[in-house]
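What follows is one structure encoded as structure tokens, with my remarks underneath.
The values are calculated or read from the model by the stated rules, or taken from the named source; none is laboratory data. For clarity, every value in this text was computed on a predicted model and none was experimentally measured. Here Cβ is always computed from backbone atoms with ideal geometry, including for glycine, and neighbour counts include all displayed protein chains. Quick note on the areas: whole protein, heavy atoms, side chains included, nothing else; ligands and nucleic acids left out. Shrake-Rupley method; radii C 1.70, N 1.55, O 1.52, S 1.80 Å.
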Amino acid sequence: MNRREDWRQKKKQHLKTAPSVTGSKFSKSDETIERLFEAAMSLQRAGRLAEAERSWKSLRSRVPDHYGININLATVLWNLGRIKEASGVCSHAITLNPEGAEGFALLGAVLGAQGDSLGAIENLERAINLKPQLVTVWVQLALLYREQDNLELALVACRRAESMEPERVDVLNAVGLVCLAREDWGQAEEALRRAAARADIGHLRSQIEINLAALFIARKEFSTAVIFCRSALDGYPAYPKAHNILGVALKFLNDFTGAEKSFRKAIELDKTMTEAQVNLGTVLEMSYQWDSALECYEKALDINPNSAEAWNNRGHILSNKKQHKAALTDFRRAIKIDPDYAEAHLNLAFELLIHGHWIEAWPEFEWRWKTAQMKPFQRSFVAPQWDGNQKPAATLLVHAEQGLGDTLNFIRYIPMASACVGRLILECQPPLLPVLREMDGIHRILARGDPLPSFDFHVPLLSLPGIFETTPKSIPKAVPYIYASDNSNVLLPFSESTLKIGMVWAGDPRNPRNPSRTIGLASLKKFLNVPGCVFYSLQHGEGGDQIINEGLRDNIDDLRPLMKDFGATAALVNQMDLVISVCTSVAHLSGGMGVRTWVLLAHDADWRWLLNRSDSPWYPSVRLFRQKTPDCWSEVVDQVFRSLELFAAREN
């Protein structure tokens, strides 16, 4: 929600609960003034603000230093949207009566609307110190504390308001929002549902329903979020934020057309809504409409040059368009605006890494732990994180993170880490246990989820390259570092003198990058006609069903029945003459085993493959085939096909 929409909502709520001064102290000789005061008050209560303003100004000309007249005039000016004037009149009222809670309460609301959250909090706190029963002020404080991420104080403010008026709609809404920020989903939902049930159909109820939608988006219950968004729009069709949040929910449901429509409607209703412009750009970017997405981000920056998110997203587009110098500038601009913007730090790290500027990149790469995408992998240990210093008497826990391919890629650092400590414990994903069990440098190996023994230090696996100050020229080159078990009896089906080719065409569907890196077996059919080769599927999971779906059971052997775990997969890979794979865990397994591997890379390939290279500093046996046009694999497939024909002819 942009500041204008935020101010509109605050104004409407404030109009109902404004700290006006209704009592007037006039002498009998001022009975005319008293009658005029009551008349102005009646106009203000009736919402006839323009007339009320004229009445209060007329009274103020007669009695310029009357506290009640100044406070009520300031309240009317605030509700008319004349915030600067309201601030001046309110400040004058406070000088007239420094003990008047209403003056500080109103000035706090005005400063909040001007974006001065700390000034708002200071004045609102003065107001409740003078008059603790001001429920509206407690509500405003709760929301401001929440904005400042002071969730403990926010909850205290909510509870104070709730103790006085537990069924009041704005109180329940504030409780819901604070509990949402605290990720107390149950209490948030209960409070927001109670608030919605007590609010009349219209803008206020729609606002609460959108807060419920945001709650269900946070809980990844996107279909329920859509229901609340549509209910909010039924009650208030011209609500820009509702259209924007609906677009967010639809985007997560992969309804990009519906999401785009919703974002465009939000922008139509509020052309200053930076958030909707950024969200529209995100959807367009996901469908490779990069120029249109770039235009959205630039419009957002025209509206708000201090939108860190718009700078970050624009940098991402420029990176995709191979304008890497400009992308670096944009990521740094986002960080300058918001030094704690973890996603921008991580994008800066990726941009530096893909250029080979690794020493500068590694500290930025540690910001990954503060991003939303890494939240599921975060760990909390009493033991400190290892910094790379020699600890010959210490036990070090190295814990894997992210995907299987990441672990297989970076497990090469285990011997280096082990040489610095007394004992090294590795915790990895359960499927990798059989293939990593015999690796040098590991004193004990555990599956993630197993009870942990005691240890002195811990370190995430992907932090090791930074600890050892790795550059592209200093990558540990001991390949192979992954071996198939000598005891494995997993054998390929009999194949005479033909070349054995393993194939993988899809990654893990849970990976957000999977749609761009997956090819599909149908696009690779022509490989299966290359003479002198026999083809085996190393494809895990449902992707292997494409063999049957494409009618290719006679052309490629499905090895899934043999691939019980990665130990079995390693044994099968070890028998291949060549592995052809998209960027997925099998490619890293094959590369780490030193098996000849061809990796087919999407246009937005991962940083570790660097730029414009057909070789890899990580894996001497790997050859890279790069997509030149986003979402277009035909050139890559043709190049691999020609190379496979040449390889087969030469080897046979």
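Here are a few things to note about the model shown:
This table checks each residue for (1) within 21 Å of the chain's Cα centre (by Cα); (2) in a helix (DSSP H, G or I); (3) hydroxyl-bearing (Ser, Thr, Tyr).
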{"site": "Thr224", "(1), (2), (3)": "yes, yes, yes"}
{"site": "Ala232", "(1), (2), (3)": "no, yes, no"}
{"site": "Ile245", "(1), (2), (3)": "yes, yes, no"}
{"site": "Lys271", "(1), (2), (3)": "no, no, no"}
{"site": "Val283", "(1), (2), (3)": "yes, yes, no"}
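- Pairs are defined by a Cβ separation below 8 Å, a sequence spacing of at least 6 or placement on different chains, a first member in the range 124-139 that is assigned to a helix (DSSP H, G or I), and a second member that is among the acidic types (Asp, Glu); the pairs so defined are Ala127/Glu102; Leu130/Glu99; Val135/Glu165; Thr136/Asp170; Val139/Asp170.
- Glu275 assigned to a helix (DSSP H, G or I) and touching a residue at least 60 places away in the same chain (Cβ under 8 Å): yes
- Looking only at the range 382-403, residues that are at pLDDT 95 or above and either closer than 25 Å to Arg510 by Cβ or touching a His at 6+ places or on another chain (Cβ under 9 Å) (or both) come to 10 in all.
- Beta carbons closer than 9 Å, at least 6 apart along the sequence or on distinct chains, pair a first residue in the range 549-572 that is open to solvent by 70 Å² or more (accessible area, probe 1.4 Å) with a second that is part of a loop (DSSP other than H, G, I, E, B) for Lys564/Val490.
- Any hit, the range 443-465, residues being of a type outside the set (A, V, I, L, M, F, W, C), surrounded by 15 or more Cβ atoms within 10 Å (Cβ to Cβ) and farther than 14 Å from Leu397 by Cβ: yes
- The listed residue being of a type in the set (S, T, N, Q), closer than 30 Å to Ser91 by Cα, touching a helix residue (DSSP H, G or I) at 6+ places or on another chain (Cβ under 7 Å) and open to solvent by 30 Å² or more (accessible area, probe 1.4 Å), out of Gln133, Gln187: Gln133
- Unmet requirement for Ala181, which otherwise passes all of (1) out of contact with any Lys or Arg (no Cβ under 8 Å at 6 or more places or on another chain); (2) of a type in the set (Gly, Ala, Ser); (3) open to solvent by 20 Å² or more (accessible area, probe 1.4 Å): (1)
- Residue within the range 17-33 that is open to solvent by 20 Å² or more (accessible area, probe 1.4 Å), modelled with pLDDT of 85 or more and over 17 Å from Cys90 (Cα atoms) present: no
- Flag for Asp545 being in contact (Cβ under 8 Å) with a residue 60 or more places away in the chain, of a type in the set (Asp, Glu) and open to solvent by 20 Å² or more (accessible area, probe 1.4 Å): no
- When we screen Glu469, Glu427 for residues that are in contact (Cβ under 8 Å) with a residue 24 or more places away in the chain and open to solvent by 60 Å² or more (accessible area, probe 1.4 Å), the only hit is Glu469.
- Residue count for the range 357-371, restricted to those that are touching a residue at least 24 places away in the same chain (Cβ under 8 Å), more than 26 Å from Pro453 (Cα to Cα) and open to solvent by 50 Å² or more (accessible area, probe 1.4 Å): 4
- Output for the range 386-413, where each listed residue is open to solvent by less than 90 Å² (accessible area, probe 1.4 Å) and part of a strand (DSSP E or B): Lys391, Ala394, Thr395, Leu396, Leu397, Val398, His399
- When residues of the range 197-214 are limited to those that are farther than 14 Å from Leu180 by Cβ and assigned to a helix (DSSP H, G or I), the one least open to solvent (accessible area, probe 1.4 Å): Ser206
- Near pairs, Cβ below 6 angstrom, 6+ apart or cross-chain, from the range 602-617 (within 14 Å of Arg513 (Cα to Cα) and of a type outside the set (A, V, I, L, M, F, W, C)) to any residue that is modelled with pLDDT under 95 and assigned to a loop (DSSP other than H, G, I, E, B): His603/Gln627; His603/Pro630
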